[in-house]
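What follows draws every value from the coordinates through simple rules; no lab data is involved. Owing to the predicted nature of the structure, the values given are computational and were not obtained by experimental measurement. All Cβ positions, even for glycine, are placed from backbone atoms using ideal geometry, and neighbour counts span all protein chains on display.
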Amino acid sequence: MKIKKFIFVESNTSGTGRLFIQSAEDFGFNPVVLAESPEKYDGKFPEGTQIHQVNTGSVQALLTWIDENAPEGIAGVYSSSDYFVGMAAELANILNLPSGSSTAIADCRQKYVQRQKLSAAGLLMPISILVNSQHEIEMAYKKAGPNVVIKPQSGSGSFGVRFSDNLADTIAWAKSLLAQGHNERGQPIGGVLIEAYLTGKEYSVEAFDGQPIVVTEKHLSEMPFFVEIGHDMPAAVPDDVKEKLMKCAQAAIAALGLQWGPTHVELRMTSRGPVIIEVNPRLAGGFIPALIKICTGNDLVSATIAKAARYEVKLQIGLTSHAGIRFFMIPDCGKLISISNWEALYNQPFLVDAQLYAHVGDKRQVHNDFRDRIGHVIAAGDSRIKILHALKEACSIPDFIWEPLNG
């Protein structure tokens, strides 16, 4: 009997994609990645992973490939990429395979539409205005300012997100996004949002089938950008704050019709209570799934594959450990000349993972988003204080030497 293929429409490129491939193999499926540009994934997946060139912006092209190349049938369809989770759902819906609603996912990925739906459901929202011209930018700033966040209407991984406290910078950044017009995957951004800046600590709630599992505490880069440089799990918050964050996230998931599979809800705890930053109709990136597995025993990557393949999913309730991750970031545009002391990380107490995504000789540009990460360390144990100390110590051990690109 031929092994059924599990189809991935594109993939996350920062870690979770590899885990999905491995999980599909563990279930006994033949994982196949369909990609517009297969070279984008060089070195990202386990050796031998099948990657085929297909127009992943066309559901008809995907269906044609499946008709011609999968006579044994398809076990499931999914995408670990925020940009293609909607297309994967549409394909699964057509093939009568388990998936979330492609319509609900499409609405969620349009941040302005998402804001309107959440506001209609009675959830606290910041002032949020969609703009497409300089005049609209100026009018939006007057309503949402003086402190605002500017971001693409459709984006992911902190791409294009920036804080501004004045009109001139707001106009300049919003105009640059509008002129660019597309995200790093070449998809239209659909305009720019000007939103009132929310003051308060940022968290995320990780959920599955509409049920909150754990609250994650975020560590962000310095202003004016919002790059996620680390996560702690579980978040160090009182029980009443945890309950408020989880209830807010659950209400948002329900309002958007996203009760199938994984969701990643980002919030800020303000003086008015929890306010949604955005809801993502997918599993969290940034190796948060690895933290979830450590802290709760739940493998949400495997749970997603199982659900997409019509298997029963049972998740555990409760926490069994603490964990955290810190990312190594590029300091500036440059060429990586040397890496020293990396091996010393392997002997550090509480560290359970250390990975590099850069190599000596690599030339890097600063993007002020997830692409600026060059590696990470993960620590785990029964003491939050010890974990935080271990992460701080680990971040001081490797030494990265960079040469300016114009040097």
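Dimensions of the chain along principal axes (Cα, Å, largest first)?
64, 51, 50
Which value at 222 nm does the chain reach when only helices count, each DSSP H run of 4 or more adding -39,500 (n - 2.57), with the total divided by all residues and rounded to the nearest 500 deg cm²/dmol?
Numbers: 11 runs with 122 residues, N = 407.
So the calculated ellipticity at 222 nm is -9000 deg cm²/dmol.
Which whole-Hz couplings ³J(HN,Hα) result when phi for each residue of the stretch 323-335 is put into the Karplus expression 6.51 cos²θ - 1.76 cosθ + 1.60, θ = phi - 60°, listed in order with x for Gly and Pro?
Per-residue couplings from phi come out as 7, x, 9, 10, 9, 8, 10, 6, x, 6, 4, x, 10 Hz.
What is the percent of Cα-Cα separations in the stretch 286-331 that go past 12 Å? Before the final figure, lay out each step's value.
Details: 668 of 1035 pairs.
Value for the stretch 286-331 (Cα pairs over 12 Å): 65 percent.
Please check: in the Gaussian network model of the chain (C-alpha springs, under 10 Å), which one of H376, H135, H182 has the largest mean-square fluctuation.
The residue that fluctuates most here is H135.
Report, to two decimal places, the Cα Rg of the stretch 163-215 normalised by 2.2 N^0.38 Å (N = number of residues). Don't skip to the answer; put the middle values down first.
Values: Rg = 16.1 Å, N = 53, 2.2 N^0.38 = 9.9 Å.
Compactness ratio reported: 1.61.
Would you please state which residues of the stretch 308-325 a label at Q211 would reach in this model, taking the label point 7 Å out along Cα→Cβ and a backbone N cut-off of under 17 Å?
Flagged as within label range: 308, 311-320.
Please state, rounded to one decimal and in Å, the Kirkwood hydrodynamic radius that the stretch 121-163 gives when every pair of distinct Cα atoms enters the mean of 1/r.
Values: mean 1/r = 0.0863 Å⁻¹.
With all distinct Cα pairs of the stretch 121-163 included, I get 11.6 Å.
By what distance, in whole Å, do the Cα atoms of the stretch 127-196 stretch along each of the three principal axes, largest value first?
Its Cα atoms span 32, 22, 18 Å along the three principal axes.
Viscosity 1.567 mPa s, temperature 4 °C: what is the translational diffusion coefficient of the stretch 5-99 from Stokes-Einstein with a Kirkwood Rh over Cα pairs, rounded to a whole number of µm²/s? Walk me through the numbers on the way to the answer.
Numbers: Rh = 13.0 Å.
D = 99 µm²/s.
Each residue of the stretch 247-264 in order: what ³J(HN,Hα) in whole Hz does its phi give by Karplus 6.51 cos²θ - 1.76 cosθ + 1.60, θ = phi - 60°, with x for Gly and Pro?
In residue order, the calculated couplings are 5, 5, 4, 5, 5, 5, 4, 5, 4, 9, x, 10, 7, 9, x, x, 9, 10 Hz.
Starting from the amide H of V214, placed 1.01 Å from N in the peptide plane, find each other amide H under 5 Å away whose residue is 5 or more places distant or on another chain.
Result for V214 returns E206.
With N set to the residue count of the stretch 187-283, report its C-alpha Rg divided by 2.2 N^0.38 Å to two decimal places. Write out the running numbers ahead of the final one.
Values: Rg = 13.5 Å, N = 97, 2.2 N^0.38 = 12.5 Å.
Rounded to two decimals, the normalised Rg is 1.08.
Counting each pair of different Cα atoms once, what's the Kirkwood radius of the stretch 229-380 in Å, rounded to one decimal? Could you put the intermediate results ahead of the total?
On the way: mean 1/r = 0.0560 Å⁻¹.
That comes to 17.9 Å for the stretch 229-380.
For the stretch 297-368 and the stretch 257-295, write down the distance between their C-alpha centroids in whole Å.
Answer, in whole Å: 17.
So what's Rg/Rh here for the stretch 321-407, counting alpha carbon atoms and using the Kirkwood radius for Rh?
Details: Rg = 14.0 Å, Rh = 13.6 Å.
Here the Rg-to-Rh quotient is 1.02.
Are there any GluC sites (Glu not before Pro) in the stretch 216-279 that are in a DSSP loop and have at most 13 other Cβ atoms within 10 Å? List them by number. Before the final figure, lay out each step's value.
Values: sites: E217, E222, E228, E243, E266, E278; in loops: E222.
Passing both the DSSP loop test and the Cβ count: E222.
GNM on the chain, C-alpha springs below 10 Å: top fluctuator among R282, R268, R310?
Highest fluctuation among the options: R310.
Compare A144, A92, A249 in a GNM of the chain, Cα atoms joined below 10 Å, and give the one with the largest fluctuation.
A144
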